[in-house]
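Chemist: Quick one: structure below, then a few questions.
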Amino acid sequence: ALQFGGKTAALHEGRVVDFGTTGEIYRKPQDLICARVFSEPPINIAQVEKSGNLFQLTDNVRWKADERYSKLEDGTYSVGIRPHHITPEKQSRDAVEIAGTVKISELSGSESIIHFDAYGNSWISLSRGVYPFDVGEKTTLYADVSNCLYFDSTDRLITA
């Protein structure tokens with residue numbers, strides 16, 4: 001569907017969970033199911049705690065909520081970040097360090113795909129360039145948190 005453009009309906013268990021232009025559904029999926037369907041490689045999902053003006057993944061991994069989310073109630077949320085927003089090199093000033101252990105490292109032409117475990121989650125990084133890693137290697141990757149999607153306790157996208 002992403003290749004054909006136009007209007008797209010996302011279905012799950014026989015019901016439409018999202019409808020709109022293909023680009024809209026990809027950029028702002030209405031729920032976590034749709035975010036998972038419209039991501040190849042799969043979108044990375046984790047639980048974060050919001051307290052005050054900070055989101056926290058772990059004691060050492062936290063970031064400031066931007067203005068879209070600063071007034072969001074404190075609590076637990078699901079964060080989604082697409083693999084191309086997690087890279088071996090820091091790509092933006094909003095990137096936070098993610099320490100992980102490499103499970104699989106794939107080189108595909110001029111792209112690198114790294115499957116890694118971090119903080120109890122299995123995540124994927126997709127990057128332009130060749131970044132060879134060894135299985136079991138400990139590494140630091142960078143997540144551009146300005147591109148995170150946040151979902152509430154019912155798995156609905158939070159829009160600001």
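The values are calculated or read from the model by the stated rules, or taken from the named source; none is laboratory data. None of the values given here were measured: they were computed from a predicted structure. Note: ideal-geometry Cβ built from the backbone for every residue, glycine included; neighbour counts use all protein chains shown. The protein model used for the area step is the full one, side chains on, heavy atoms only, and it has no ligands, DNA or RNA in it. Shrake-Rupley method; radii C 1.70, N 1.55, O 1.52, S 1.80 Å.
Chemist: Express the carbon and sulfur contribution to the solvent-accessible surface of the stretch 71-160 as a percent, rounded to the nearest whole number, probe 1.4 angstrom.
Modeler: That share works out to 45 percent.
Chemist: Ok, one more. If you roll a 1.4 Å probe over the heavy atoms of the protein chains, what accessible area per residue do you get for the stretch 49-157, in Å²?
Modeler: Solvent-accessible surface per residue comes out at 55 Å².
Chemist: Would you work out the relative contact order for the chain, in percent, from Cα pairs under 8 angstrom that are 6 or more residues apart?
Modeler: Once divided by the residue count of the chain, the mean separation gives 22 percent.
Chemist: Points 7 angstrom from Cα along the Cβ direction at Tyr119 and Asn53: gap in nanometres?
Modeler: 2.0
Chemist: Could you pull out the trypsin sites (Lys or Arg not before Pro) across the stretch 38-82 that fall in loop regions by DSSP (anything but H, G, I, E, B) with no more than 13 other Cβ atoms inside 10 Å?
Modeler: Answer by residue number: Arg68, Lys71.
Chemist: What translational diffusion coefficient, to the nearest whole µm²/s, does the stretch 92-145 have by Stokes-Einstein, given a Kirkwood radius computed over alpha-carbon pairs, a temperature of 20 °C and 1.002 mPa s viscosity?
Modeler: D = 190 µm²/s.
Chemist: Report the longest stretch of the chain that contains none of the GluC sites (Glu not before Pro) sitting in a DSSP loop with at most 16 other Cβ atoms within 10 Å.
Modeler: Free of exposed loop sites, the longest segment is 14-66.
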